[in-house]
Each structure stands twice: as structure tokens, then as C-alpha cells.
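Structure record follows, encoded as C-alpha cells.
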Amino acid sequence: MMSILPKKRLIIVLINFFMLFTLSAFAESVKSYEIEASINPEKFQIDGREKINFVPEYDTDKIYLHLYWNGLSKKSLLYKDAPSSLKSVLEKKTPSKITISSLTINNREKSNFHNEKDPTLIKVKHNFTEGKKYSINIAFKSKIPEKRYIRFGYSKEDKTYWLSQWFPKIAVLTGENQWDAKPFSYNYEFFHEYSDYSLKLTIPKEYKVITNLKKLGIKTKAEKNIYRAKEKNISDCVVGISKNFYTKKKIFKKDNLSIYLTNYKKIPEEKEEKIFERAHFVIKKLSSLIGPYKYDEFKIVNLSTIGDNGSGMEYPKLVHIGSNHGDYNRVLDHEIAHQWFYGMIGFNQTSEGWLDEGYASYYEIRLSEMDSGNREAPSSFKNMGVNNFDFHHIPVSIAWIKNVNKSPEKGNIFQTEFNSEGNGYKIMFLYYMKHPIVLKFLESEVGKKNIDDVFKQIYNKYLFKHPNTEDILSIFKKNLNKKDYKIFNKNLRTYAKSDVGVKKENGSFKIIRGKDYTKKIKVAIKKENTEQSLFWDDTDNISAKNVKSLYLNNLDYNLGNNFFINSIKHNLSNYIYAFLLLLGLYFIIKLIKHSKITFLSKNILYNSLIFTPLFIYIVQTTFSKTIFNKMDFDFSYITAVISRIVSNPPIIISILTGLFFLIKISISSTFYYRKKDATYSIFSILILDLVTFLLTGLYIFSLFITKSFSIFLFMLFILAISLIEPIKIYFLRKDPRIITNLPMSVLSHFAITLIYTVLLIMILFMTAPFFLKFPFSILIFIAILSILEQIYRWATLKITKHYIRKELNES
Ligand SMILES: [Zn+2]
């Protein structure tokens, strides 16, 4: 799955990691599922029968059956683990249910089955002998949720009934009387054997079907469509039905592969082409890097949502992507990588989620690196210049720096104990973020080819089997030298500060090598007209002469020190250029001799003077102008800027900027609001503006602490700061009517402050990429900021005057 990390505050419980690993090397006992189901979409009802051919590989006196849809009830573990939004739904109703109406084992009726504590799991007692054939026949009814919750249910927006984990599924028999049978949880996915599936689906005639199985045909009979499909050696069966699916098929003859793309609404043809192209590219690439894709079809289903848990979901041969994100590549890459890591190499997603998610995320990064020329980030971030790479590494970069000093256990990726106090968010971070980073670190030591060789061996040894962590680590151990493996192992289990950096000393560059780095480090050097890439040894001495920029091609704990950019210190002309531009702008506005505009021009000048040093500091210490303009590095600039700020905060400049801005705001206000010859104290105005600043700081702080955005809190904040301006006006005019009218004008002031704040945030968002790319466009930002500031004052004064006038008229 592609996770949007759940915002939960939980505590990690560690368990001994040796206890965690599931049993390896067991054989499949469930030979096949033959499912027949009739779906009544109007009634949200499925009537199904299934025959499970069960040939136990071990003796057992019971079987476990998963009834996943019963998770949507208050008694389930899923409810306990779920975020509060889902909890509040389940408190009111039970949106879905699977009921078994009959169950026979070799024609013997069974009635002694009951829930195993959790409604998503039942135990059926029966004596099974190893190697003997059993046929388990189950009749069941499933109620489809009327909303899509966790990867299943109906959605009003895409009008699709999406059925995953929708039929009783047998758990995994791993040894004599030993079962891997975990109840459905919000925190982990699924685990099943490889079996043969056949499906016969009866649906109203106007409905279309998509499944991950291979379609055999459709017949129409008595206003019903009968759809048949099957597939061999697969671990799941998923179905979607809708009246309006738009499905396109593309055959890649050379690769013996057909790709299907199903959309719930028509999308532009170029976009479809891009998705096909990407999917084909990724399947081919991963086939060559890891091992061949073993099926001859692959399906992509693009619906409005997958239902509150991530932005995409993998099934064997089929991926489900929700379209509430702009980045098809990222989700596609990740979910396609799962075709190897869980699809064909059957990792246990319930107890070893770090394996499938870690490796899928690692290859997602590898693919995004190949794709740097073709940036496709989520649309909302695209405007900011954030690309795939940033998307991974901004959170990683910040979280690592923040967490690196925490107790070492917290860095251990082998964690599964989610309890109600547990830390789902942090554990997901370890699976999705930390694990791939550790692999990237290993890659920087041993090279991409060696990593791919390890995965090739895993593939060859465990294709359609269920390796556990120990199995996988032993392959790493065999392929790595002792030291590399030791560091790799340490990085997996601790918050090791693996870091490498660069610094300039006496006219040449030196490498700051963390003790975990043993190999030469790849470095990219850019001079005036040349670009060069070389492997750097400690003894190498790289002269800083003529070097414009230097970048260590390494993913490590602190990305901020991996760069050297020829900074402003060596580039006085930039200062002069900036100063002249400011001066020019000032005179242009000065030329327009309207008094109000002149005031505005002053405001722009002040703001420019105040903000320019901070801006130059951030940009110039991070990247040079040429790098932004030409985007020389496929490595992304935003990550570096943020890493730079986080790891090396320009605190003094920030404080000074804040202080000057505060004073300027107060002085501007006195110019704008006061009446002629009014007596006032600049001190009270300063205090008032200080209150605004403190409130803003407090508000930002509360966002950090709660890690969530509350509309209520935001409105409260707007309300508080909206009162500052009229009070300022009172201090400058000493007119008591302003205060007496304040309660009446609160709503208007509130509205104008709300508009102002939202505009400010929007403009900051929209202009940020420009001034990162073109440093001097900061001037445009400052101009807009100054104009907004003026409009805000003007509107506030108008509102205040309006209420005073109203009072005069009334009296
Ligand atoms: Zn995933």
C-alpha cells in the first residue's frame, strides 16, 4: 500500500525481534478457491458460495477463516486501531458484514464455528490429516458498505462497488496445528497462500466488471451478466463493478504483456498514454532488475478513492490507485513494485510489514531517480517545484534530524506491536521511510548492481514462496562483506547517524566522513563550463578554484551538508545587483506621484530591506542562482533548502528580520491610521503588534504540537488577530466610538482578516517556487506582500469608519 501516514499519537512497544519472525518455508495447503457470487448493487448485497480445496501440509484440528468485512464493527481490532474519523462512524453503525449461512467440510455440516475474540476471524474445529483432500463448502452473504472505508465499499463519487477481502478466506497453516491468523487491523495488511482461483459472478446486465483474475468470458442471461474468470498461483481475488467503467487495453506483444487501465471517468488520452507507458516501463525495468513478471496481464484501476487508508493499494496483478493525488508515477511505481514484494515473493504483510513496504519504497526511489527528467509530483506540490524525490526525502530529512538523538530502540525497523497507545505513525515511518533509506545507504557503499543481485537471489529462491526476515537477511549476509553487513544491520536496528558531508578548507574541499562510510563517495562537481562526476577518496584533494557547486551523491541522515555552493561571499556582484534592483523598484514607484502609492512604495522598500538578507542567506547558502535556473541536479532543491534550514538555522537573521518587520509594521500603522496631530504612544502600538506576532507564533506552535489542522483553532486565531487592528486604530485616534463599536464590527474585521490571511498563505505558496528558482523574484513577493498589507490596513480603517459613521447617523 502507499501510505499517507496516519496521524496517530501512539507509543511503540518493542518485542524481541526473534519472536517476530514468522515461520519460513512452509508449503501451501489451500489449493484452490472456486467462488460463485451474485451481486445485487441496489441492495448492496452479495450472495456467495465458495468451494475451498484444502490439502493440509500439516496435521491440524482446526481451520481459521478470515471474515475481513466484519472489521467494520465496534467489537473489532480494526475499530480499536482506526483513526478517530472512522471510529466515530463505527460507533454509530456497522456498515458491513459477512455472514456464513452454511459450512460443510467433505459434505459434513459444521455448526460449531464461532468468532475468535474478533469478529473478523472464526475457528472451525475438524480433524485434518496431512496430505488428505478436503473440500470446504461455504455459503455466505456479504453486505457491501455504502461508503468506501478501508479499501472496500461503494463510493458515490466513482459509483463503483469495490470488493476486496470480500469472501471468507482461509488463514495460513504454517506447521502442525500452527496458524498464522491475525484479525483485520488498520495497521497492517493481509497474508494468504498462493492458490488457484476461479470466479463466476452474476450481476445486473448494465454493470461492468474488473477483477485481477483472467477473464474467460461474459454471457447475458435473463437480464443478468454472468462473468467468468480464473487465475493460477495467486494470493487474492479482487472485484470492482460499475455501470460506467472506462477500460482500455494495450498489448505489448514483445513482452507478452497486456496492460488494462480502468478509469471511473474519462481522462485525457495523453494522460492514459502516460500511465500505460509508465506501467510498461516499470514492469520491464523491475523484471530486469529483480526477476521476470510472471503473469501476462496487469491491471490498473483508477477510482476516486481507495477509502481512508493510503493513496493506492496493491493486489496481485492489479493495482488500485485513488485519483485524489496528482502523482500517478509515484503511486504506480510503488504499487507495481509490490507485484514483486508480496505479489510474487509472498511476504507476510501482517507481521513483517517492513519487508514488502520497505522494498517497494526502495524501488520506488530507484524508479523516481531514473525519472528525474519527467517530474510528476502531486499537483498541489508541483507548483512548489516539489518532485518525487522530495516527496520522500523532505519528511525523511526532517524526521531523521529530529529523531536521531532518541533512544536507539526507536530506530529499529522490526516492529509490529501496535497497541492502542502504540505508534502506528512512527512504525509506518520506519517501514516506508527508514528502511528504504538504509538500503540507499547500503547502495552507496556497495553499488546498485550488488543490491539488485541480492534481490535477484531472493526472487530466484522464494518465487511464489513465503520468505521471512531471517531468510532475507541471510541472503544479504551472504552477499555482503562482514563490515558492510554489520553497518547495514546496525542501521536497520538503531538510529545510527550515518552521515557524510563536505566542507571547504584552505581553498580545497574536504570530505567529512562518518565512520560508517568505507567506500569512495560519488561526487558531482560543476565548474564554469564543465560538469564532472568522480569517486572521492579521502586522500583526494579537490581544489575549490572555479568550482561553482559540488554535490555528494549520497542519501544520508543530514542532506544539508552534502552540498557546497559557491556562496554570496564570493559573489559580491549579486549584492550589488540586488541592491540596484531594489533601488530601481523604489524609484519606479516613486515616479508615480500619487500620495497613497508613495506610501505603498515606502512600504515595499522597507519590506525589501528587511527581508532581503534573510532570503539571500537561505538561497545563497543553499544553491547558486545558476543551479536554480538550469536545474543542473536531478537531486531536488527543495529538500536541500529545507535540510539546510533545519540543520543550520539562520536564527540571528530570522530574529532580526522578525524584529525589524515588527517595528516597521507598527510605524506604518501609525502613518496610516493616525489623525493629524494625534498624540499616541508608539510603545502601545509596538506592544499590540508584538501580541499579533506572539499569537501567530503560538498558533504555529500548536500546529506542530497537535500535528493536525483544526478549523476551529484557525478561526479562533483569526478572531483574535482581527481585533488587533481596530484596537490599534483606537490608540492612534483616541476615539472612544471605535471601542464602543467594536463588538458590532467584529464580524467584518473577522472576515477581512480571514481573507487577508488566506490570500497571504496562497501567495506564499504560489510564489515560493519562483523565488527559489529565480532568486530575485523575491521582489515580486515583497511587492505583493506590501500591497496586501496596505489593502488590509485600508479595509480595516474603512470598516472602523463605517461603524462610527453609522453610530453618528443613528444618534
Ligand atoms: Zn505499499
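Of 373, 310, 326, 385, all but one fail to be open to solvent by 10 Å² or more (accessible area, probe 1.4 Å), modelled with pLDDT under 85, within 12 Å of the ligand (Cβ to nearest atom) and in a loop (DSSP other than H, G, I, E, B); the exception is 310.
With respect to the conditions (1) open to solvent by 10 Å² or more (accessible area, probe 1.4 Å); (2) more than 11 Å from the ligand (Cβ to nearest atom), residue 342 falls short on a single one, namely (2). Regarding residue 392, is this residue at pLDDT 70 or above and outside the structural domain of residue 185 (by TED's automatic domain parsing)? Considered against the rule, which asks whether it is at pLDDT 70 or above and outside the structural domain of residue 185 (by TED's automatic domain parsing), residue 392 comes out as no.
Looking only at the range 457-486, residues that are in contact (Cβ under 8 Å) with a residue 24 or more places away in the chain, surrounded by 15 or more Cβ atoms within 10 Å (Cβ to Cβ) and either out of contact with any Ser or Thr (no Cβ under 8 Å at 6 or more places or on another chain) or outside any helix (DSSP H, G or I) (or both) come to 13 in all.
Among the residues of the range 230-248, those identified as under 29 Å from the mean Cα position of the chain (by Cα) and under 30 Å from residue 156 (Cβ atoms) are 236, 237, 238, 239, 240, 241, 242, 245, 246, 247, 248. Screening residue 206 on (1) out of contact with any strand residue (DSSP E or B) (no Cβ under 8 Å at 6 or more places or on another chain); (2) assigned by TED's automatic domain parsing to the domain that holds residue 80 shows it passes everything except condition (2).
Go through the residues of the range 700-711 one by one and say whether even a single one is part of a loop (DSSP other than H, G, I, E, B), in contact (Cβ under 8 Å) with a residue 24 or more places away in the chain and closer than 14 Å to residue 670 by Cα. The answer is no; no qualifying residue exists.
When the range 74-101 is limited to residues that are over 24 Å from the mean Cα position of the chain (by Cα), open to solvent by less than 20 Å² (accessible area, probe 1.4 Å) and in contact (Cβ under 8 Å) with a residue 40 or more places away in the chain, the one that is farthest from residue 145 (Cα to Cα) turns out to be 76. Out of 716, 754, one residue alone is within 37 Å of the chain's Cα centre (by Cα), in the same structural domain as residue 687 (by TED's automatic domain parsing) and free of Cβ contacts under 8 Å to residues at least 12 places away in the same chain. It is 716.
Scan the range 263-276 and give yes if some residue there is in contact with a Phe, Trp or Tyr (Cβ under 6 Å, 6 or more places away or on another chain), part of a helix (DSSP H, G or I) and surrounded by fewer than 24 Cβ atoms within 10 Å (Cβ to Cβ), otherwise no. Yes, the range 263-276 contains a residue that is in contact with a Phe, Trp or Tyr (Cβ under 6 Å, 6 or more places away or on another chain), part of a helix (DSSP H, G or I) and surrounded by fewer than 24 Cβ atoms within 10 Å (Cβ to Cβ).
The values are calculated or read from the model by the stated rules, or taken from the named source; none is laboratory data. These numbers were taken from a predicted model, which means no experiment stands behind them. Every residue, glycine among them, receives a Cβ derived from its backbone with ideal geometry; neighbour counts consider all protein chains shown. For the accessible areas, the whole protein counts, side chains as well, though only heavy atoms, and no ligand, DNA or RNA atoms are used. Shrake-Rupley method; radii C 1.70, N 1.55, O 1.52, S 1.80 Å.
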